[in-house]
Amino acid sequence: ALGGAYRAARLVGSVVVAVTDASVRSFTVGASVAAVDQVALPAPAAFVHATPTVLAITSWGDGLSTPVMLVDVSDAAGDLALRGSVSVPGWVGDEQKLDVYGGVLRIVTHDGNDGALSRCLTYSLANLDAPALLGSLDLVRGEQLFATRFDGDRAYVVTFEQVDPLWVLDLSNPAAPKVAGQLVVPGWSTHLVPTGDGRLVAVGVDPADGWHTIVSLFSVADPAAPALLDREDFGWGWSTAFHDVKALGVFPADGLVTVPLSGESERLAVLALGPAALSLRGDVALDGPALRGFPHARGLVAVSNEEVAVVDPLTLADRGRVTIAEHVVDVVPRAGGDLPLVAKRRSGRLGDVVLPLVPERAFPFGDRVAVVGWDDLGRAAVVVDLAPATPTVSARFALGNAWFSVCDPSWGMARADGIGVPWGGGTTDAVLTDDGHLVVHGLPGGSPTPVPMPGGGGKVMPMGTTASGVTDGFVVLDVVAGALDAPIEVVDGYVTGFVADDGGDLVVTVGGGASSDRLGRPRMRHDLVRVHLATRATTTAVNVPGWVVSAAGDLVFTVEETWDDGWTWDRTVVATAVVDTVATVVARRALPADAYDVRASGATLVYTVSSGGNVGPLPPVAEGDVAWGSAGGLPWMPTTAIGSVRLGATLAAGPTLPASDAFRAVALVEDGAVLVVEDGTRLVRFDLAGATATPTLTVALVGWPLAIRRGAVAGTYVVALGYAGTATVP
C-alpha cells in the first residue's frame, strides 16, 4: 500500500520510486519488495517529471501560482531527499509541461490572472536546494494552452483561440529562451511526439465541422519555418490519446503511427508514416474503448480495455485475440448458476447466449428474460427463453425513443422490484409487472384514442386508432408471450412518474402546465391514471399532488414540489386515497428541500440529501464530475445523508442512516431495509425496521456496482461490477 492517491512511478537504476499525492517512496525489487525510504511532500502532488537524479513534482496551485517541489533520487541505494522548490506563476496543466534537461528546469504555464498568458520559464538546478530563475518567455495572451513537448534544446507548444499556433521554442540558451518559429493551422493539438529526424506527429481536434479527431505530420527540421506536411481526418469522435500521452503510438523505424479512436465504433487506426505523408492503412476493430497499439515480433498489437488483438501489420488480418475483461452490466439470479449480462461493442451476451444488441438491463420472469439495449436502429429489446436445452432469442422489438422525466429528481426511473441501480451507475427507465409485462418509458409508434386528462394536463391513450400530437408514452412487451402489446401514448403532457402495483396495474402521473403563481413562478399539474395491462381497463384521470413513487391498493404516494419563499423547492411525501375520480389527501410528511433519488419498496421510502463537502485548493466541481472516494485525489468531496419514511395511511419518519464521512449512494431499497454503496468500495445493508438504522452486512467491493439484485438463495445478493465481473454477497 502506497498510502495515498497514486501519481507516478519510475525505475531509477535498480530502485522503484513511487509518487502519491502525499509522499515519495522508494523500494528495492527482487525476490521480494523492500521499502527503503519515504519523504512527505509539503503540498499535494499533481504531475511528475522524472530523471535519474531528480523528480520535479508540481502541486495543484491556487490559480495564481503553482509550487514545484524537487526530490533528490540520485542515491543508488534508494535514499531520498526533499530539496528545494519554486513557485511558478500560473497553472501547470499536465506532466508534459515540465522538464529537466542539462541541469535546467523548464516549465510552460498558463496564467489566467494575466490575460490568459502562456509562458515558458527556466530555472537553474545547480543548487537543488535553491533553484534560481534563469529566463522567462511570454508567448501569447488570450488563448488556451494545449500540447507541450520538450525535445533537447527545443520545446513545441500549441495554443488555440480560433486556429492552432504551433510554437517552436529555442531553449539552447536557458537564460534567454526565444521563439524560433511558428505555424498556424486549424484546430489544436493535444499531444506531440518528435520522431527524432526533424518531424513531429500530433493528435488533436479540428472543431470546424464538429469534433473531428486529427493526426498531423509536421516538419520542424528548420525551426524558423515549421510546416504542415500532411494530416489525416478521422471524422467525429474521440481518442484516449487526447489525455493519455502513451496512447498515440509513433514508431518511425517501423513506419507506423497508431491512434485509438472512439465514436461510432471502437477501433485502432493504423497509419503508414512516410517521409512527408500519412496514409491510412486501416482499422483494427475492438471490443471496448481502444487504448493503444504497438508493433511486436508476432505482429501489430491492439489493446482495448476488453481485449488484446494481434494482427498482420500489413493486411491487419487477425492473427489472434484474447479477452482480458468484460463489461458486466447486470446479472440474472438463477438456481442453477447466475447469468451475467455482458455488453460488447456491437452485441452482448446473457450467460452463453449471444444477443443481437448492446444490453443495458435484464428483466427476468420465470424462464424468460427480457433484455433491453441498443442496436443500429435504436433502442430495442429481445426475449431470451431459457427453458429449452438450447435457449432461444426472439426477434427484435423496437422500443421507441426514450427520455427521462424533467420533473422527478430521480429522473423518472421506476425500478422493478428486486433490482437496484446505484445513482450514477447506469439506468433503465422501465418496470416489470407481476403478470410479466415489461413497460418501457419512451415515445412509441401507433396512435391510440386519447383519454382526456382534466384541467388540460394531457391525455393518456392506452389503446385505439388515431390521434396526433403524441408527446410521451410507453412501449409494452408481454414477456411471457414474447410479443409487443399495444403501446400507451401521452398527448400534450409528459410522464412524471410511473410504478407497477401488486395487482398488475401501471400507475402513471402525467404532468402538464398549470397557471403561474402570484409571483410569476411556473407550476405543474400532475394527473394520475391506472392502466390494467392485461385488459387495458383505464381509470379516469384524477389530479394528485406530485409525481408518483409508490402505489398500494387505493393509496398512492407522491412527491409534491412547491415553491418556498424564493426560487427553491420544498418537497413533501403525500399519501392520497384515490377512489374512482376522487383523490383525498390522507397524510403529508416534509422531505429536506434538496432531497433526490427518492425510491420506495413496500412500506419503505428512501431519499438522499447532499450535505456538501470540504473545499480545498480547487473550487468545487459538479457532483456528477467528482471521482468517488478519496482515491480520486480531488480536493472536494460531497458527503451524503440518507433518510427514510414509513408509508401507509399515516406517514411516519423512519430512521436516518448514521453519520459518515463516506459518500453514499442508494443501491437497492427493500421493504424495511436499504443497501448503499460507500465511496464505491463497500456495500452496506441497513435494517430500517427499528427505531435506528442498523448495519447488518458490510462487504468490500472491487468495482462500482452497476446493478444489484436479490440472489436465488435467500439472504444473498448478486452484483454486476462492470469490468470487475460479478459478485455474490455475503
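What the table below lists for this structure:
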| read-out | value |
| --- | --- |
| Sulfur and carbon atoms: percent of accessible area, the chain [1.4 Å] | 54 |
| Cα-based convex hull volume of the stretch 67-121 per residue, rounded to whole Å³ | 85 |
| Shape metrics for the stretch 529-573, restricted to C-alpha atoms - Rg then Dmax, Å | 14.1, 46 |
| Cα gyration tensor category, rounded, prolate or oblate, for the stretch 1-72 with a/c compared to 1.5 | prolate |
| Count of lysine pairs in the chain with Cα separation under 29 Å (8 or more residues apart, or interchain) | 4 |
| Sorted peptide list for 80-90, 501-511, criterion being average Cβ within 10 angstrom, highest first | 501-511, 80-90 |
| Relative contact order [Cα under 8 Å, 6+ residues apart], the chain, whole percent | 6 |
| For the stretch 24-123, accessible area per residue (1.4 Å probe, heavy atoms of protein chains only), Å² | 37 |
| The stretch 233-294, accessible area per residue, ligands and nucleic acids excluded (1.4 Å, Å²) | 40 |
| Most to least packed among 273-279, 167-173, 19-25, 580-586 [average Cβ atoms within 10 Å] | 19-25, 167-173, 273-279, 580-586 |
| Calculated FRET efficiency for the pair D376/D209, C-beta based, R₀ 25 Å, to 0.05 | 0.60 |
| More than 50 angstrom apart: percent of Cα pairs within the chain | 27 |
| By average C-beta atoms within 10 angstrom, highest first, the peptides 203-216, 234-247 | 203-216, 234-247 |
| Cleavage-rule hits, trypsin sites (Lys or Arg not before Pro), the stretch 127-159, DSSP coil, Cβ neighbours within 10 Å at most 16 | R141 |
| Stretch gain in nm, segment S265-V582, where the contour uses 0.36 nm per residue and the Cα spacing is subtracted | 108.8 nm |
| R0 of 22 Å, Cβ-Cβ distance D233-D312: FRET efficiency to nearest 0.05 | 0.30 |
| Qualifying GluC sites (Glu not before Pro) in the stretch 224-315, DSSP loop, other Cβ atoms within 10 Å at most 12 | E264 |
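The values are calculated or read from the model by the stated rules, or taken from the named source; none is laboratory data. For clarity, every value in this text was computed on a predicted model and none was experimentally measured. All Cβ positions, even for glycine, are placed from backbone atoms using ideal geometry, and neighbour counts span all protein chains on display. With ligands, DNA and RNA removed, areas are computed over all heavy atoms of the protein, side chains included. Shrake-Rupley method; radii C 1.70, N 1.55, O 1.52, S 1.80 Å.
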